[in-house]
Amino acid sequence: QVQLVESGGGLVQAGGSLRLSCVASGRTFSSYQMGWFRQAPGKEREFVCTIRRSDTYYAPSVKGRFTISRDNDKNTEYLQMHSLKPEDTAVYYCAADLDSMGSWDYWGRGTQVTVSS
């Protein structure tokens, strides 16, 4: 069982920045593929970005503005968000793929990010 706990969400003006964190339980965090997803009101959950070892991949809508990273010593992944837009408003979830096989095994409860115009 892996528990994921997000933090760092909040209210920010358009053009501002936020950094989200996700702390994971488990002794083999460094082997997990980690990701961030988001769900806006009335919309389906969508992929934001992922990190596997040091390889990263971003959705086109956030590429160049968001950066995913991880600190394996702290069992933590981060999402640094810059140049935020109102359309980035959503609940952000972190997820873990324990064997990097393309299926997300565990999810956090999410943290709200609201970007005002």
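The values are calculated or read from the model by the stated rules, or taken from the named source; none is laboratory data. Because the structure is a prediction, the values reported are computed rather than measured. Ideal geometry is used to build each Cβ from the backbone, glycine not excepted, and the neighbour counts take in all protein chains shown. These area figures cover heavy atoms from the full protein model, side chains too; ligands, DNA and RNA do not enter into them. Shrake-Rupley method; radii C 1.70, N 1.55, O 1.52, S 1.80 Å.
Yes or no: the range 45-62 includes at least one residue that is open to solvent by 60 Å² or more (accessible area, probe 1.4 Å), of a type in the set (Asp, Glu) and either in a helix (DSSP H, G or I) or closer than 17 Å to residue 14 by Cβ (or both). The answer is no, given that none of the residues of the range 45-62 is open to solvent by 60 Å² or more (accessible area, probe 1.4 Å), of a type in the set (Asp, Glu) and either in a helix (DSSP H, G or I) or closer than 17 Å to residue 14 by Cβ (or both). For residue 98, the conditions (1) closer than 19 Å to residue 18 by Cβ; (2) touching a residue at least 24 places away in the same chain (Cβ under 8 Å); (3) out of contact with any strand residue (DSSP E or B) (no Cβ under 6 Å at 6 or more places or on another chain) are fulfilled apart from (1). Are any residues in the range 86-117 in a helix (DSSP H, G or I) and open to solvent by 10 Å² or more (accessible area, probe 1.4 Å), and if so, which ones? Once the filter is applied, which keeps residues that are in a helix (DSSP H, G or I) and open to solvent by 10 Å² or more (accessible area, probe 1.4 Å), the range 86-117 yields 86, 87.
Look at (1) modelled with pLDDT of 95 or more; (2) polar (S, T, N, Q); (3) touching an Asp or Glu at 6+ places or on another chain (Cβ under 9 Å) and you find that residue 67 fails only one, number (3).
Could you tell me how many of the residues in the range 1-12 are open to solvent by less than 20 Å² (accessible area, probe 1.4 Å) and either without any contact (Cβ under 8 Å) to a residue 24 or more places away in the chain or part of a loop (DSSP other than H, G, I, E, B) (or both)? The number of residues fulfilling the criteria is 1. Considering the range 13-34, the residues that are polar (S, T, N, Q) and closer than 12 Å to residue 51 by Cα include one that is surrounded by the most Cβ atoms within 10 Å (Cβ to Cβ), namely 33.
In the range 39-58, how many residues are out of contact with any Ser or Thr (no Cβ under 9 Å at 6 or more places or on another chain) and farther than 19 Å from residue 101 by Cα? Count: 5. Among the residues of the range 63-79, are any touching a residue at least 24 places away in the same chain (Cβ under 8 Å) and assigned to a helix (DSSP H, G or I)? The answer is yes, given that some residue of the range 63-79 is touching a residue at least 24 places away in the same chain (Cβ under 8 Å) and assigned to a helix (DSSP H, G or I).
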